[in-house]
Amino acid sequence: MKETRALIERIIEVNSAIQHLHLSFEGSPGRIKPGLSLLVGVADIAHPYLRESWWPVSIKDDFIVVERPAKERYEIGQVVNALGYIGKPYLFRRNLRNVLLVAHDTPPTPLLLTIPWLLGNKISVTLVLTGTARTYNTEHLDRRVEIIRGDEGFTWPDQVMNAGWADQVFVTTGGADENAAFRMVYDHFETLRASVQPNYLFGVFRPILPCGVGACGACWLASKRGAAMICTDGPAFDLTQMVR
Amino acid sequence: MKETRALIERIIEVNSAIQHLHLSFEGSPGRIKPGLSLLVGVADIAHPYLRESWWPVSIKDDFIVVERPAKERYEIGQVVNALGYIGKPYLFRRNLRNVLLVAHDTPPTPLLLTIPWLLGNKISVTLVLTGTARTYNTEHLDRRVEIIRGDEGFTWPDQVMNAGWADQVFVTTGGADENAAFRMVYDHFETLRASVQPNYLFGVFRPILPCGVGACGACWLASKRGAAMICTDGPAFDLTQMVR
Amino acid sequence: MAIEITRSGKRSLILETPVMNAAGAFGYGDVYRDIIKYEKLGAIITAPISYEARSAARGGRVVPLDSAVLLHTGLPNPGLNKVLRKYRSLWESLALPVIVHLIATTDEQVRKASARLDEEDCVDAIELGLRDDITWQEASRLVGSAVTKTDKPVLVRLPVSDAYEIADAVAGAGASTLVVAAPPRGTARDPQSGKLISGRIYGPVVKPIVLNMVGQIARRVDVPVVGAGGIHSPQDARDYLDAGAAAVQVDSVIWRSPKELEIIARDLGGYIVTRQTDAMPDEWHRGMGDTEQERQRRKNRRDA
Amino acid sequence: MAIEITRSGKRSLILETPVMNAAGAFGYGDVYRDIIKYEKLGAIITAPISYEARSAARGGRVVPLDSAVLLHTGLPNPGLNKVLRKYRSLWESLALPVIVHLIATTDEQVRKASARLDEEDCVDAIELGLRDDITWQEASRLVGSAVTKTDKPVLVRLPVSDAYEIADAVAGAGASTLVVAAPPRGTARDPQSGKLISGRIYGPVVKPIVLNMVGQIARRVDVPVVGAGGIHSPQDARDYLDAGAAAVQVDSVIWRSPKELEIIARDLGGYIVTRQTDAMPDEWHRGMGDTEQERQRRKNRRDA
Ligand SMILES: Cc1cc2nc3c(=O)[nH]c(=O)nc-3n(C[C@H](O)[C@H](O)[C@H](O)COP(=O)(O)OP(=O)(O)OC[C@H]3O[C@@H](n4cnc5c(N)ncnc54)[C@H](O)[C@@H]3O)c2cc1C
Ligand SMILES: Cc1cc2nc3c(=O)[nH]c(=O)nc-3n(C[C@H](O)[C@H](O)[C@H](O)COP(=O)(O)OP(=O)(O)OC[C@H]3O[C@@H](n4cnc5c(N)ncnc54)[C@H](O)[C@@H]3O)c2cc1C
Ligand SMILES: Cc1cc2nc3c(=O)[nH]c(=O)nc-3n(C[C@H](O)[C@H](O)[C@H](O)COP(=O)(O)O)c2cc1C
Ligand SMILES: Cc1cc2nc3c(=O)[nH]c(=O)nc-3n(C[C@H](O)[C@H](O)[C@H](O)COP(=O)(O)O)c2cc1C
Ligand code: FES
Ligand code: FES
């Protein structure tokens, strides 16, 4: 954990829903991997006493790109204050061939940084967009990603095949109750496969994180392996370990 | 007391310190006289739970002009919400010939609407600017007003003569403690004249007014004639009636 | 609608609408007559009155805070007899209950004032205001003093500090209703003088704290509770009823937008009718009620 | 500098600087080691620990409010013994006092936990956390339970509700220090679920209310007071000392800007030295202290 400041060097309006910010860092940005996010305090924009998680979607030599909703206002040259990268990288299996990314009722932003890494390692990637995520515009994503748009609920064409064929699944959800949503996700995958094995289905948890360092207790999660903090041990948790 | 909405029709940058807003009203603006102010709530600009007193400085057929600090941001077309005109008009004596207006450590804004009325009635007007008010730019005022710039304290050249020659004096002051400031003003005028007679020396009181209608008690003033509310009985009070 | 905001019994106060102003936000009932339709309110409460006259606090009286305002007035007022002489005929003419807010200074003054108010037909109830640092023993004694001298309902407005102990105590001493709570006492630096000033805090920041107290006290004490603190919208008021309040008092938003008191009262009239016929409270978010629809219509007309 | 924040006597706790974190704002002392220079602080206080393990609250845990945040965590923790096993050697290695915040659940658990902590050399004092709706009788009993089982100082963090009665009671029961106060309990609607949630309120809005309580309690009770609530700047902290606090605890600003705790501690170190040699407190506004000057220099360098 190390406080750092980043400069907004470029702002790209990707489409009517999202924008990309290019951030360069004072000193080195450190090693960043899929799953880590920046905990950022932006004076006057977000809540004055809560930081926001900013998700990198690609990494260049001297800057990173984060994806933000288009309606937020930033300025080139603006300095943002970050509490470093928080969380643990997503754990990918060895011998991985097919990965399924699912965004339900929320943009797939926290999953996108996996794409260059997976494709670079010759792993095929399918991105499923269900619920309100169906309207997410994917033109800026790598053409090699297979995009599937599902239904209003948590269903999509070929879902049984996708679930069977995938070696690992990462799901991000929106809505009022994240725990309830992931219980629904788990139950749904149990109907798609005979049984959900450990290390197969991961939920990406994204509650508001007041401290981001394990100090405040707000993101405490009970798992069958014991208690965890989403900010330091997450964001991804194996849904077979979830206490119901 | 009647709530009303006004539209900012024009914004004139008078000089680097002040701007003038032209306000037109839904329906009639009502009768407005020197001493009355508009109690205005401007969303997002001022404090969200406190209104501000806006002082008219001139009145036209279908709009009034208010004077505001130049650093505040307004937009043409902006609607401001006003709790009507509050207070009582300044009481001028009959047979008035010479009036002295004094602004000490604060712009003379609350006094300026008297000028057209007094000049129109062939009464001569002297405006004294002392303390930080010395830097107030008077180029937009009627040329017939005699302007005197005083010292850092509450003194100016010819003060004995001005005080003797004036039939009435209206003083507005800035600073932390308005009551203390007016005690100082009273004491000073006692040194300038043998005695300060009733109906001669008036203080224009301008505390923050939470309600402006006599409901909250925040602007209660003890006077020798009994208790008064600045918002409904003020802003001007005869300083000989002040309880020390 | 008839909502009893007192313990059942002889000291009863029944409102048509569970919304009134808070003491001190409304003067003596005269100042907002041209702006607010009184018949939409459940009752009005006078500004704080003491048996003897009080003069105002010296020094800074208003400190703007983050999302709130601190007021330190010293509760100036001309004393009970003068107020009655001046406002008796107004109160008689009003078609809604009038509650006199009595500053609970000393036992003797409370006894005298209560006896005096007991004779006044234009007064429907007394609301006792307690010092912010009062002990529960003193509070109990002062409420006892009022109750022995009048048959009218005695509402008690609790200070935020020690509210739970005082709630227990004054319920035992015969309070008809608990008003939860007086504006919390705060200390802040006056930006003009640089001095620390103590006073009362008003604004939306008060609501979460007092809403929680209302829930606690409504569960703990078997006396009807009126919620008061940081109510700035119909939704705020509904939250108080959901938390267990029988009615609400609206305070400083009246200074900024007097009409909001009437808007809240109209909205909650409808809310109660609907709630009692088993509608989901969640249907009642902003934008759903008659008032909201009327407000919207008015807005559209204005914008057009 | 040596500042005794306890009653004089055998249960003594002396700090070099009158600034520490508040319980729950700092984890168990491990998380901010790379950001904050611990040697600038007066002490550290652990996150709330109960004798037995506690799991977290279900449902919404964070509600953004106007100028504040509401947190409802249920105080999850692995229980005293596990925490001691994991953090004992860290606490031993620190050159500043370590205060364990003990959640005062039941008399028996408080007795057991206090006896356990009495044996631990790495723990310098206990801070007891009380339920927000506790009565003064229960509070007094719980403090008595702790005091009989340890010779270490027992600080008591008072809830906002009933703080005055509880302050009197726990002072009588042997509290070494009163920490005024725990974050006020509030209720607000979770924007995600639409449900009312109760929790603790953090943010600058808390300061005026608690600053006032500190002044009242410091005058009323003859036990040193530590001020805690809404301290977001050195000036906020100085206001607490001016109001009568012997030291301060800094809470949620640490989450947003961890370094601010150190900045406040450095500034107040200087403040105390100066205050005791009779400088005017008013000289100490932002922009005057060493820290501020250093901050300004850093800012200029960054802007250049
Ligand atoms: C606009 C306004 C609204 C108010 N609304 C309410 C309200 O709705 N309900 C309510 O209960 N109170 C109300 N009050 C009273 C107020 O909340 C507190 O009683 C407060 O102590 C007075 O604060 P102050 O800063 O004005 O006076 P201060 O000058 O600080 O108070 C004067 C002193 O007089 C004593 N004192 C003050 N109030 C009382 C009292 N009520 N009884 C006995 N002694 C007292 C105290 O010792 C206090 O220190 C209101 C007052 C005003 C002017
Ligand atoms: C980040 C953080 C900071 C905190 N800081 C402090 C602090 O500095 N000082 C302090 O005193 N407290 C502190 N607490 C405790 C807290 O202020 C209150 O004790 C509060 O009741 C717990 O609120 P909750 O919403 O998390 O739990 P809830 O789920 O509402 O509480 C669980 C229930 O357990 C019981 N309970 C909760 N806390 C206690 C307790 N302390 N003792 C006995 N029973 C209890 C109550 O019945 C309560 O309803 C902190 C907690 C956290 C996680
Ligand atoms: C009649 C009366 C008038 C008061 N006038 C003032 C005042 O002008 N200025 C002020 O700071 N406080 C004023 N107060 C408050 C007192 O100065 C003082 O704060 C209060 O009475 C002390 O509280 P206590 O009675 O609980 O000790 C007044 C109080 C009363 C009862
Ligand atoms: C060990 C423990 C775990 C708790 N876990 C939860 C929880 O998961 N969800 C919740 O809403 N409250 C939780 N709470 C709070 C309780 O549900 C309940 O609010 C509290 O214990 C009741 O307070 P009381 O003991 O004063 O009656 C927990 C409390 C304890 C002691
Ligand atoms: S956000 Fe504070 S512990 Fe995770
Ligand atoms: S401002 Fe409220 S009474 Fe004058």
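The values are calculated or read from the model by the stated rules, or taken from the named source; none is laboratory data. Owing to the predicted nature of the structure, the values given are computational and were not obtained by experimental measurement. All Cβ positions, even for glycine, are placed from backbone atoms using ideal geometry, and neighbour counts span all protein chains on display.
For region A:124-174, the set of residues classified as charged (D, E, K, R) and assigned to a loop (DSSP other than H, G, I, E, B) consists of A:Glu139, A:Asp142, A:Arg143, A:Arg144, A:Asp151, A:Glu152, A:Asp158, A:Asp167, listed by residue number.
Within region C:192-215, being out of contact with any helix residue (DSSP H, G or I) (no Cβ under 7 Å at 6 or more places or on another chain) and over 26 Å from D:Asp242 (Cα atoms) holds for C:Pro204, C:Pro208, C:Val210, C:Asn212, C:Gly215. Restricting attention to region A:125-157, the residues being in contact with a helix residue (DSSP H, G or I) (Cβ under 8 Å, 6 or more places away or on another chain), surrounded by 14 or more Cβ atoms within 10 Å (Cβ to Cβ) and among the small types (Gly, Ala, Ser) number 1.
Return yes when D:Arg54 is in the same structural domain as D:Ile231 (by TED's automatic domain parsing) and surrounded by fewer than 17 Cβ atoms within 10 Å (Cβ to Cβ) and no when it is not. Taking the combined requirement at face value, the residue does not satisfy it.
The residue that is farthest from the chain's Cα centre (by Cα), among those in region A:41-64 that are surrounded by fewer than 19 Cβ atoms within 10 Å (Cβ to Cβ) and β-branched (Val, Ile, Thr), is A:Ile45. At least 1 residues being within 14 Å of chain D (Cβ to nearest Cβ) is the threshold, and among the strands (runs of 3 or more DSSP E) wholly inside region A:19-123 those reaching it are A:37-41, A:52-54, A:79-86.
Quick grid of which residues meet (1) touching a Leu at 6+ places or on another chain (Cβ under 7 Å); (2) under 29 Å from C:Gly229 (Cβ atoms); (3) at pLDDT below 95:
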| site | (1), (2), (3) |
| --- | --- |
| D:Gln109 | no, no, no |
| D:Arg116 | yes, no, no |
| D:Ala146 | yes, no, no |
| D:Val214 | no, yes, no |
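Which residues, counting only those in region C:14-26, are assigned to a loop (DSSP other than H, G, I, E, B) and surrounded by fewer than 22 Cβ atoms within 10 Å (Cβ to Cβ)? If the condition is that a residue be assigned to a loop (DSSP other than H, G, I, E, B) and surrounded by fewer than 22 Cβ atoms within 10 Å (Cβ to Cβ), then C:Glu16 is the only one that fits.
Residues in region D:18-68 that are farther than 28 Å from D:Thr105 by Cα and among the β-branched types (Val, Ile, Thr): D:Ile35, D:Ile36. Tell me, which residue of region B:165-177 that is modelled with pLDDT under 90 and of a type outside the set (A, V, I, L, M) is surrounded by the fewest Cβ atoms within 10 Å (Cβ to Cβ)? Here the residue is B:Gly175. Criterion applied to D:Gly194, D:Gly172 was being more than 25 Å from C:Asp168 (Cα to Cα), free of Cβ contacts under 8 Å to residues at least 60 places away in the same chain and surrounded by fewer than 24 Cβ atoms within 10 Å (Cβ to Cβ), and the one residue passing it is D:Gly194. Sort out which residues of region C:30-58 are more than 18 Å from the chain's Cα centre (by Cα) and facing another protein chain (nearest Cβ under 7 Å), and write them in order of number. Answer for region C:30-58, where residues must be more than 18 Å from the chain's Cα centre (by Cα) and facing another protein chain (nearest Cβ under 7 Å): C:Asp34, C:Ile35, C:Ser55, C:Ala56.
One residue stands out in region C:82-133 among those that are in a strand (DSSP E or B) and within 14 Å of another protein chain (Cβ to nearest Cβ): the one that is nearest to ligand 2 (Cβ to nearest atom), namely C:Gly129.
Scanning region C:1-24 for residues that are at pLDDT below 95 and within 14 Å of another protein chain (Cβ to nearest Cβ) returns a single hit, C:Gly24. When you look at C:Ala95, is it touching a residue at least 24 places away in the same chain (Cβ under 8 Å), away from ligand 5 (no atom under 16 Å from the Cβ) and touching a strand residue (DSSP E or B) at 6+ places or on another chain (Cβ under 8 Å), yes or no? The answer is no for C:Ala95. The residue of region A:228-244 that is surrounded by the most Cβ atoms within 10 Å (Cβ to Cβ), among those that are part of a loop (DSSP other than H, G, I, E, B) and either free of Cβ contacts under 8 Å to residues at least 40 places away in the same chain or within 15 Å of ligand 4 (Cβ to nearest atom) (or both), is A:Val243.
Taken together, B:Val196, B:Val185 contain a single residue that is among the hydrophobic types (A, V, I, L, M, F, W, C) and touching a Gly at 6+ places or on another chain (Cβ under 7 Å), which is B:Val185. Can you confirm whether A:Thr232 is among the polar types (S, T, N, Q), away from ligand 5 (no atom under 15 Å from the Cβ) and assigned by TED's automatic domain parsing to the domain that holds A:Thr155? Against the criterion (among the polar types (S, T, N, Q), away from ligand 5 (no atom under 15 Å from the Cβ) and assigned by TED's automatic domain parsing to the domain that holds A:Thr155), A:Thr232 does not qualify. Inclusion of A:Arg225 among residues that are more than 16 Å from ligand 3 (Cβ to nearest atom), in contact (Cβ under 8 Å) with a residue 60 or more places away in the chain, under 24 Å from D:Arg54 (Cβ atoms) and among the charged types (D, E, K, R) is not warranted. With respect to the conditions (1) charged (D, E, K, R); (2) within 16 Å of ligand 3 (Cβ to nearest atom); (3) touching a residue at least 60 places away in the same chain (Cβ under 8 Å); (4) closer than 21 Å to B:Pro108 by Cβ, B:Arg206 falls short on a single one, namely (2).
Tell me whether region D:171-178 contains one or more residues that are more than 16 Å from ligand 4 (Cβ to nearest atom), assigned to a loop (DSSP other than H, G, I, E, B) and in contact with a Gly (Cβ under 6 Å, 6 or more places away or on another chain). Looking through region D:171-178, at least one residue is more than 16 Å from ligand 4 (Cβ to nearest atom), assigned to a loop (DSSP other than H, G, I, E, B) and in contact with a Gly (Cβ under 6 Å, 6 or more places away or on another chain). Just one of the listed residues (B:Gly203, B:Gly217) is of a type in the set (Gly, Ala, Ser), assigned to a strand (DSSP E or B) and away from ligand 2 (no atom under 16 Å from the Cβ), and it is B:Gly203. Checking each residue in region B:210-233 for being within 25 Å of B:Thr106 (Cα to Cα) and more than 8 Å from chain C (Cβ to nearest Cβ) picks out B:Ser223, B:Ala228, B:Met229, B:Ile230, B:Cys231, B:Thr232, B:Asp233.
Number of residues in region C:200-214 that are within 9 Å of chain D (Cβ to nearest Cβ) and in contact with a strand residue (DSSP E or B) (Cβ under 6 Å, 6 or more places away or on another chain): the value is 9. Among the residues examined, C:Ser161 qualifies as closer than 24 Å to C:Thr73 by Cβ, facing another protein chain (nearest Cβ under 9 Å), within 12 Å of ligand 1 (Cβ to nearest atom) and part of a loop (DSSP other than H, G, I, E, B).
Within this structure, D:Ile166 fails the test of being within 15 Å of ligand 4 (Cβ to nearest atom) and either small (Gly, Ala, Ser) or within 14 Å of another protein chain (Cβ to nearest Cβ) (or both).
The residue that is farthest from ligand 2 (Cβ to nearest atom), among those in region C:63-77 that are surrounded by fewer than 22 Cβ atoms within 10 Å (Cβ to Cβ) and assigned to a strand (DSSP E or B), is C:Pro64. From C:Ile197, C:Ile217, grab the single residue that is part of a strand (DSSP E or B) and more than 7 Å from every other protein chain (Cβ to nearest Cβ). Only one candidate qualifies: C:Ile197.
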